[in-house]
């Protein structure tokens, strides 16, 4: 990448806000106006930074590492690696509503106070978007506590599955309506006891599969296991997440309204792009 020093731009706009949530986007291929889903994951990272509750954040993206923190009413940032042979230091007042740094036209770093960036709006999961297009780039969050019983009729060693349909939860798939859409969460217990998955737990899928194995359902599966490396990702003290899947009727749109009608108040989804 050719670096043109005269292209360094720092846009500073002042307001009276002294502490807030910064919604930020770090883009290392800003010259390209449209990126595919896989490119977005490797070239663009969006994140939030609460200047009151969080000490700082480390963001890795391609050959770069972005470190951001606040101190004495200033937001400090460093960009390390890539074309920067030495760490590049940035500093902005917390009174600024907009923080932006552009380098050579390729690297673009911006933060907005209490407002989503354009990249976050573009890649966010909204009610009109097809969930399937996000593939494994989702965060699956537990919105209400769920209990996996140690004694379940459909148990295999320490594997346990809960089924969700019409906003209700089942431990036995036989109790569900066979021709209505349903989702399931499968985990592996670490102890021989009932296990509660608490509200707020977040699962980040490693792989995604869309399957049309029968004429009735389309299955969307999210695995939390790295089978290539033989590793369980996101392992907790009492359990390890294994797989989350949703079976959607053929012809039915896989959108947030559909998802909500199946899982009720038990789960929520967010984009991880």
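The values are calculated or read from the model by the stated rules, or taken from the named source; none is laboratory data. Quick caveat: nothing in here was measured; it's all calculated off a predicted structure. Note: ideal-geometry Cβ built from the backbone for every residue, glycine included; neighbour counts use all protein chains shown.
For segment 162-181, give me each residue that is in contact (Cβ under 8 Å) with a residue 60 or more places away in the chain and within 18 Å of residue 147 (Cβ to Cβ).
Once the filter is applied, which keeps residues that are in contact (Cβ under 8 Å) with a residue 60 or more places away in the chain and within 18 Å of residue 147 (Cβ to Cβ), segment 162-181 yields 164, 165, 167, 168, 169.
Does any residue of segment 73-89 turn out to be in the same structural domain as residue 48 (by TED's automatic domain parsing), in a loop (DSSP other than H, G, I, E, B), more than 24 Å from residue 54 (Cα to Cα) and in contact with a strand residue (DSSP E or B) (Cβ under 7 Å, 6 or more places away or on another chain)? Quick ask: steps written out before the conclusion?
Within segment 73-89, the first condition is being in the same structural domain as residue 48 (by TED's automatic domain parsing), and the residues that meet it are 73-89.
Cutting the leftovers down to in a loop (DSSP other than H, G, I, E, B) gives us 73, 82-83.
Imposing the further condition that a residue be more than 24 Å from residue 54 (Cα to Cα) reduces the set to 82-83.
Restricting the remaining residues to those that are in contact with a strand residue (DSSP E or B) (Cβ under 7 Å, 6 or more places away or on another chain) gives 82.
Yes: one or more hits.
The rows are residues; the columns are (1) in contact with a strand residue (DSSP E or B) (Cβ under 8 Å, 6 or more places away or on another chain); (2) in contact (Cβ under 8 Å) with a residue 24 or more places away in the chain; (3) surrounded by fewer than 16 Cβ atoms within 10 Å (Cβ to Cβ).
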| position | (1), (2), (3) |
| --- | --- |
| 24 | yes, yes, no |
| 27 | yes, yes, no |
| 69 | yes, no, no |
| 91 | yes, no, yes |
| 105 | no, yes, yes |
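Sort out which residues of segment 178-192 are under 18 Å from residue 251 (Cα atoms) and modelled with pLDDT of 90 or more, and write them in order of number. Let's see the steps before the verdict.
First pass over segment 178-192, keeping only residues under 18 Å from residue 251 (Cα atoms): 178-183.
Correct list: 180, 181, 182, 183.
Answer yes or no: is there a residue in segment 146-153 that is assigned by TED's automatic domain parsing to the domain that holds residue 257, free of Cβ contacts under 8 Å to residues at least 40 places away in the same chain, more than 19 Å from residue 44 (Cα to Cα) and surrounded by 12 or more Cβ atoms within 10 Å (Cβ to Cβ). Before the answer, list the steps.
The initial filter retains those residues of segment 146-153 that are assigned by TED's automatic domain parsing to the domain that holds residue 257, namely 146-153.
Among the residues that remain, those that are also free of Cβ contacts under 8 Å to residues at least 40 places away in the same chain are: 151-153.
Then drop every residue that is not more than 19 Å from residue 44 (Cα to Cα), which leaves 151-153.
If we keep only those that are surrounded by 12 or more Cβ atoms within 10 Å (Cβ to Cβ) too, we end up with 152.
For segment 146-153, residues assigned by TED's automatic domain parsing to the domain that holds residue 257, free of Cβ contacts under 8 Å to residues at least 40 places away in the same chain, more than 19 Å from residue 44 (Cα to Cα) and surrounded by 12 or more Cβ atoms within 10 Å (Cβ to Cβ): present.
What are the pairs, 6+ residues apart or on separate chains, where a residue within segment 71-84 that is farther than 26 Å from residue 97 by Cβ has its Cβ under 7 Å from a residue that is surrounded by 16 or more Cβ atoms within 10 Å (Cβ to Cβ) and at pLDDT below 90?
Nothing qualifies.
Output the number of the condition that residue 128 fails; it satisfies all remaining conditions of (1) under 22 Å from residue 259 (Cα atoms); (2) out of contact with any strand residue (DSSP E or B) (no Cβ under 9 Å at 6 or more places or on another chain); (3) free of Cβ contacts under 8 Å to residues at least 24 places away in the same chain; (4) assigned to a loop (DSSP other than H, G, I, E, B).
The failed condition is (3).
Which residue out of 32, 41, 86, 53 is more than 22 Å from residue 204 (Cβ to Cβ) and at pLDDT below 90? Write out each step before concluding.
On the way: 41 fails: more than 22 Å from residue 204 (Cβ to Cβ); 86 fails: at pLDDT below 90; 53 fails: more than 22 Å from residue 204 (Cβ to Cβ).
Going through 32, 41, 86, 53 in turn, just one is more than 22 Å from residue 204 (Cβ to Cβ) and at pLDDT below 90: 32.
Just need a number here: residues in segment 49-72 that are out of contact with any helix residue (DSSP H, G or I) (no Cβ under 9 Å at 6 or more places or on another chain) and in a strand (DSSP E or B).
Kept after step one, since they are out of contact with any helix residue (DSSP H, G or I) (no Cβ under 9 Å at 6 or more places or on another chain), are these residues of segment 49-72: 49-60, 63-72.
Now restrict to residues that are in a strand (DSSP E or B): 49-50, 56-60, 64-71.
Residues flagged as out of contact with any helix residue (DSSP H, G or I) (no Cβ under 9 Å at 6 or more places or on another chain) and in a strand (DSSP E or B) within segment 49-72 amount to 15.
Residues of segment 1-29 being modelled with pLDDT under 80 and in a strand (DSSP E or B), which ones? Quick ask: steps written out before the conclusion?
From segment 1-29, those modelled with pLDDT under 80 are 1-20; that's our starting set.
Across segment 1-29, the qualifying residues are 9, 10, 11, 12, 13, 14.
What is the number of the single condition among (1) assigned to a loop (DSSP other than H, G, I, E, B); (2) in contact (Cβ under 8 Å) with a residue 40 or more places away in the chain that residue 111 does not meet?
Result: residue 111 passes all but (1).
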